[in-house]
1. Label 7 Å along Cα→Cβ of TYR114; region 45-64 residues with amide nitrogen under 16 Å?
2. Express in nm, to one decimal, how much length is gained between PHE56 and ASP26 on full extension, taking 0.36 nm for each residue of separation and deducting their alpha carbon distance.
3. Can you give me the relative contact order of region 47-119 as a percent, contacts being Cα pairs under 8 Å and 6 or more apart?
4. Send over a whole-number figure in Å² for the accessible area per residue of region 1-100, probe 1.4 Å.
5. Report the full-extension gain for the segment TYR19 to SER90: residue separation times 0.36 nm, less the Cα-Cα distance, to one decimal in nm.
6. Give me the Kirkwood hydrodynamic radius of the chain, using the inverse of the mean 1/r over all pairs of distinct Cα atoms, in Å to one decimal.
7. What 222 nm value per residue comes from the helices of the chain, counting each DSSP H run with n ≥ 4 as -39,500 (n - 2.57) and dividing by all residues, nearest 500 deg cm²/dmol?
Amino acid sequence: MYLHELLPLLATSGDDGNYAQTETSDLSLLQAISRRIHYGKFVAEDREGLMKLSTFTSIEEAVRKRVEKKATVLGQEVCLDTEDNEERKSDPSVASRLYKNSVIPLTKELQVEYLLRRLG
Ligand SMILES: C=C(O[C@@H]1C=C(C(=O)O)C=C[C@H]1O)C(=O)O
């Protein structure tokens, strides 16, 4: 990136013999670029920031609704001799609450921990 992309933007090609000066400039530029790139680590260390980036409220809402609907359908009692299938094996809102209070928050927590370990 430095040699083929950045340098041609900053210098004209050729040999002016100033090798020591060139080397010093290269070094300080590369160090500045490296510092700038590593600032990303501080962003990644911010647990709260990562948690915000991992949160899509509208998708979470849709996931919870889908879970509730699935639990409603799959929780129906199936009876051959009666029309009445309103009776439930379990309360569908329990599954949805489980997702809201545990499954989704834990999914995000795990994701943040994973990113902190990968980037740290
Ligand atoms: C962590 C993620 O996203 C968050 C977690 C979701 C979930 O657990 O269903 C849904 C939406 C996001 O707020 C992900 O998609 O991996």
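1. Under 16 Å, as judged by backbone N against the label point of TYR114, lie 50-56 of region 45-64.
2. Numbers: separation 30, 0.36 × 30 = 10.80 nm, distance 4.26 nm.
Working it through step by step, the gained length comes to 6.5 nm.
3. Working: 47 pairs, mean separation 28.9, N = 73.
Over region 47-119, the number comes to 40 percent.
4. Per-residue accessible area for region 1-100 comes out at 86 Å².
5. Contour length minus Cα-Cα distance gives 17.8 nm.
6. Across the chain, the inverse of the average 1/r is 19.9 Å.
7. One gets -21000 deg cm²/dmol as the mean residue ellipticity at 222 nm.
The values are calculated or read from the model by the stated rules, or taken from the named source; none is laboratory data. This structure is a prediction, so every number in the text was calculated from the model and none was measured. Positions of Cβ are generated from backbone atoms using ideal geometry, with glycine treated the same way; all protein chains shown enter the neighbour counts. To get the accessible areas, we keep the full protein, side chains included, count just its heavy atoms, and leave off ligands, DNA and RNA. Shrake-Rupley method; radii C 1.70, N 1.55, O 1.52, S 1.80 Å.
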